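Take a look at the structure below.
The values are calculated or read from the model by the stated rules, or taken from the named source; none is laboratory data. Quantities reported herein were computed from a predicted structural model and do not represent experimental measurements. In this analysis, Cβ positions are derived from the backbone assuming ideal geometry, glycine residues included, and neighbour counts consider all displayed protein chains. Only protein heavy atoms, including side chains, enter the accessible area calculation; ligands, DNA and RNA are left aside. Shrake-Rupley method; radii C 1.70, N 1.55, O 1.52, S 1.80 Å.
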Amino acid sequence: MMDAIVGFAVAILSGLGIGGGGLLVIWLVLFCGTDQLAAQGINLVWFLFSSGAAMVVHLIKRKLNFKLITWMVLCGSIGAVLGSMLAKSVSPDIIRSFFGGLLILSGALTLFRR
């Protein structure tokens, strides 16, 4: 039951633009005991559904730049494949530290830019 409540809260925060994916990974790793790579994979699947819902809204409002989307999909796909190959060859502790550092940097930039 707690997982459903946290999932709902993370979805709301993500909808408000407050880094919901990072929060989901933190919840899964620290409180559910999920492996870091598995938590990041779950986060990616979760993102597919949340971004799909957002895309429907943007399609209705006609606020999509399809040329830009095509480039982003191409570059993102290449980055995902390269990142997954790199993740297989790097220690999970290093990935965890790097991900934590990115979350701290992202939070600090968000905090100090406003």
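Taking every residue in the stretch 1-15 that is outside any helix (DSSP H, G or I) and pairing it with any residue that is open to solvent by less than 60 Å² (accessible area, probe 1.4 Å) and modelled with pLDDT under 75, at least 6 positions away or on another chain, yields no pair with a Cβ-Cβ distance below 6 Å. Exactly one residue among I69, I60, I78, I95 is more than 19 Å from the chain's Cα centre (by Cα) and of a type in the set (A, V, I, L, M), and that residue is I60. Is it the case that the stretch 65-78 has a residue that's closer than 27 Å to F8 by Cα, of a type in the set (A, V, I, L, M) and without any contact (Cβ under 8 Å) to a residue 60 or more places away in the chain? Scanning the stretch 65-78 turns up no residue that is closer than 27 Å to F8 by Cα, of a type in the set (A, V, I, L, M) and without any contact (Cβ under 8 Å) to a residue 60 or more places away in the chain.
The rows are residues; the columns are (1) under 30 Å from M1 (Cβ atoms); (2) open to solvent by 80 Å² or more (accessible area, probe 1.4 Å); (3) part of a helix (DSSP H, G or I).
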{"residue": "L30", "(1), (2), (3)": "yes, yes, yes"}
{"residue": "G41", "(1), (2), (3)": "yes, no, yes"}
{"residue": "F49", "(1), (2), (3)": "yes, yes, yes"}
{"residue": "T70", "(1), (2), (3)": "no, yes, yes"}
{"residue": "V73", "(1), (2), (3)": "no, yes, yes"}
{"residue": "V81", "(1), (2), (3)": "no, yes, yes"}
{"residue": "F112", "(1), (2), (3)": "no, yes, yes"}
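Condition check for F99 on (1) among the aromatic types (F, W, Y); (2) in contact (Cβ under 8 Å) with a residue 60 or more places away in the chain; (3) over 26 Å from M2 (Cβ atoms): one failure, at (3). Taking the stretch 83-102 as the range and being open to solvent by 60 Å² or more (accessible area, probe 1.4 Å) and of a type in the set (A, V, I, L, M) as the test, the residues that pass are M85, L86, I94, L102.
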